[in-house]
Each structure stands twice: as C-alpha cells, then as structure tokens.
1. Report the residue count in segment 280-318 for those that are in contact with a Phe, Trp or Tyr (Cβ under 9 Å, 6 or more places away or on another chain), part of a loop (DSSP other than H, G, I, E, B) and open to solvent by less than 10 Å² (accessible area, probe 1.4 Å).
2. For segment 127-149, how many residues meet the condition of being under 16 Å from PRO108 (Cα atoms) and assigned to a helix (DSSP H, G or I)?
3. Assuming ARG96 fulfils every condition listed in (1) open to solvent by less than 10 Å² (accessible area, probe 1.4 Å); (2) farther than 30 Å from LYS357 by Cα; (3) more than 14 Å from the ligand (Cβ to nearest atom) apart from one, which condition is it?
4. Please name all residue pairs, on different chains or six or more residues apart, with Cβ atoms under 7 Å, provided the first residue is in segment 319-331 and is open to solvent by less than 10 Å² (accessible area, probe 1.4 Å) and the second residue is within 9 Å of the ligand (Cβ to nearest atom) and assigned to a helix (DSSP H, G or I).
5. Within the set of pairs 6 or more residues apart or between chains, which connect a residue that is more than 17 Å from VAL207 (Cβ to Cβ) and without any contact (Cβ under 8 Å) to a residue 60 or more places away in the chain inside segment 227-242 to a residue that is part of a helix (DSSP H, G or I) and open to solvent by 60 Å² or more (accessible area, probe 1.4 Å) with Cβ atoms less than 8 Å apart?
6. Which ranges mark the strands (runs of 3 or more DSSP E) fully within segment 11-92 that have 3 or more residues being touching a residue at least 60 places away in the same chain (Cβ under 8 Å)?
7. When the residues of segment 99-116 are filtered to those that are of a type outside the set (Phe, Trp, Tyr) and open to solvent by 30 Å² or more (accessible area, probe 1.4 Å), which remaining residue is nearest to the ligand (Cβ to nearest atom)?
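The values are calculated or read from the model by the stated rules, or taken from the named source; none is laboratory data. Predicted model, so just to flag it, every value in this text is computed and none were measured. Using ideal geometry, Cβ is built from the backbone for each residue, glycine included, and neighbour counts are taken over all protein chains shown. Side chains are part of the model used for accessible areas, which takes the heavy atoms of the whole protein and leaves out ligands, DNA and RNA. Shrake-Rupley method; radii C 1.70, N 1.55, O 1.52, S 1.80 Å.
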Amino acid sequence: MLKHPKRAMIVSCPVKMDDGTVKVFTGCRVQHNDSRGPFKGGIRYHPDVTLDEVTALAMWMTWKCAVVDIPYGGAKGGVCCNPKEMSRNELERLTRRYTTLIVDLIGPYRDVPAPDVYTDEQVMAWIMDTYSIFKGYSVPESVTGKPIILGGFKQREEATSRGVAFCIREAIKHLGMTAKKSTVAVQGFGSVGWNAARILHDEGYRVVAVSDSKGGIYNPGGIDPYKVFEHKSRKGSVIGYADSKQVTNEELLELPCDILVPAALENQITRDNAANIKAKIVAEAANGPTTPEADRILNEKGVFIIPDILDNSGGVTASYFEWVQNLTRERWTEEEANSRLEGIMVKAFNEVYETSKKRQADMRTAALILGVGRV
Ligand code: GLU
C-alpha cells in the first residue's frame, strides 16, 4: 500500500492568456496516504513539474507529517508552467481553473493544499475563493498558507525556516559546535532560503553565501541577508550584491562552510559533487535536495544530514496550526504558536536522533523508521 499513491489525478487547464490566445497547462494532484488524517501538501508551479516528481513529493509529505506527528496524510500538486513569464491575471485564471478541476478531491477533511515552489498566499487565496464558490460559503479551512486577513497565520511564511533553525540548533549541540563560530551557505533565496538566511544571521551564525536561480554570491567574511534581500527586490537577483564574489549554484554547494542549507529544488547534491561538499551539517530545507547516491557518499564522509522530512517540517506544522485555528474559529497568540512550533520540532528532532542512535542508522533512515512506522 505504501509504495503506491492512493489516488493520482491529471488535469488539463485551458487558460486564456492576456494576448487572447488559449494555452493548455497540465497539472496534477497526487494523494499518497491518508491513514493518519486528511491528505496534506503543497502545490507547485514550475516548468519541470511531472507526475513522477509530484508522486514522490506526495509520499514524502506522508512521512513528514508522521515524523512531526501531526494528524495528516501526504499529498502534492503541481502545474507545469513558468509563473515568472505569466501575468498576475493569467496566474489567477490558471489557479481558478486548476482548482475547479480538482475541487472534488480537496476539502478541509479530505485534502488541504498549501504553498510550495513558486506559489504563495495570493495563489492560496484564489484556491480558497474558488473552493468556497463551489460550496456556497466561505471555507478558510480548505487551504493553508493564506493571507492573514483570510484566516492565514502570521508565522506560516517563515515557519519552515524557523523549523530549519531549530533543527540546526539541536544538531550543533550534539556536534559540539556553536552558532557564533559556524558559517552557513544557503542555496535558494525564495521564501524558505531567504527566511532561513535571515533567522540564522539573527541567531549569530555567519552567512557566507546565498544564491537564487540565476546564481550566487560569496563572502567568507559574512553577508547581511537583509541587505541582499533589498538588493534582490531592486535588481531581481542576489547577483551583483556589493562586497561579494559571484559563484554558480553548483560552486555554492562546494564552498568551505560548516552548515549547508539547500533550500531550492531537488537533486542538487549528486554523486558528482557530494565528495566535494565541505560542510559538517547539511540541513535539507528543500524537499529531496540529495540524491540516494550522494546520500551514501555524505554519510561515508561523516556529514551530519538533517533530512528534509524532518528539517523542513516546520512549514506543514504551521499549516496544521492554521487549519486548527480555522476549524475552531480561534486565534492563538504569537507566543503560543511559536512555542508550540518549537516544542514539536525539538521533540521530532530528538526522536529521530534517539532512533538513529538506537538503531545505528543515519538520520534519514531514522526519520523514515519513525515516519513509516507511525503510518
Ligand atoms: N509545501 C510545503 C512542504 O513541502 C508545505 C506543505 C503544507 O503546508 O501542507 O512541506
């Protein structure tokens, strides 16, 4: 049962483009397993989206929700498109058509979508509105990662990165390292990468490199992520930031640093570059950044890997908080939400760590032992 998704749906979304032509985009929603609760998982808009990729990501969501022990199954959706080349109106029409096509599959107790690569709170608002039109009343609990005004949750946006920082904090304790003396390289400067760089910088780590899809920047003396963010907002990329050397995304992974945070797409650390990775800790903020061959090489080198299904589970945990608040029509305070997130992440990290010691397994295998075991 666990090897196969329970349900997979492929949809064709005809969208009227701004120039009057009609383009047909292919999308899908894959529901892997719901034995622990409603299917849960993001929707990504990316030119490389395939059914295979989305199916793998749906399965990861099942294990991820089980590792942090929240009452959800796993799902994922995607539309093969390039949102960077589409207008806001085109994206809205695409989102509403895609939602219409999967509307029978989703719902607060059935399957709850959320943001993923290149989808944001605005996309979630369109999904919620389209779903609500079908129901005839407003259903905020149908989607997470919404704008705050629609029942969204203030900390959802940064929660994945907060979770990453909690995991790194726990890992450095076990490895006898300190924040002040540790350098960090972050691949990806989207929502997860930027927030991770910012939070780690605030906690005293020295961020030495960051990158986006166009390339990266490196300064062994440290980079201020806030200033890089400002630069990227003006210029469209981190590239060209003052006081830094330009590097490629591939070079960033191999830079001298203590902690490497891949926060972009999957399959970045491969058998070709794994041996050159110098970091002591790889904190997988993205889903699937390390291929199985690379995983073996890193483990042989003694690199401490915080696997994706643990490391980035702060995002779905905050989604769970948002959903619970929507269902109960309650609002938690910021302190309550933060301390619950920390509690869940630290517990999950330590359960995985204990399992890895007890079963003499690496952290990824230990996370899977826990996750698969619970399902
Ligand atoms: N897309 C995020 C992930 O891969 C969040 C999913 C969610 O919140 O449902 O974990």
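1. Counting residues in segment 280-318 that are in contact with a Phe, Trp or Tyr (Cβ under 9 Å, 6 or more places away or on another chain), part of a loop (DSSP other than H, G, I, E, B) and open to solvent by less than 10 Å² (accessible area, probe 1.4 Å) gives 1.
2. In the first step, residues of segment 127-149 are kept if they are under 16 Å from PRO108 (Cα atoms); the result is 127-146.
Now narrow it down to the ones that are assigned to a helix (DSSP H, G or I): 127-135, 140-142.
Going through segment 127-149 one residue at a time, the tally reaches 12.
3. Going through (1) open to solvent by less than 10 Å² (accessible area, probe 1.4 Å); (2) farther than 30 Å from LYS357 by Cα; (3) more than 14 Å from the ligand (Cβ to nearest atom) one by one, ARG96 breaks only (1).
4. SER319/ARG156; GLU322/ARG156
5. As it stands, the answer is none, since no pair meets every condition given.
6. Result: 22-33, 39-46.
7. ASP116
Yes/no per residue for (1) modelled with pLDDT under 95; (2) among the basic types (Lys, Arg); (3) touching a strand residue (DSSP E or B) at 6+ places or on another chain (Cβ under 9 Å); (4) within 23 Å of PRO289 (Cβ to Cβ):
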residue: TYR218; (1), (2), (3), (4): no, no, yes, yes
residue: PHE229; (1), (2), (3), (4): no, no, no, yes
residue: GLY240; (1), (2), (3), (4): no, no, yes, no
residue: PRO262; (1), (2), (3), (4): no, no, yes, yes
residue: ASN267; (1), (2), (3), (4): no, no, yes, yes
residue: ALA275; (1), (2), (3), (4): no, no, no, yes
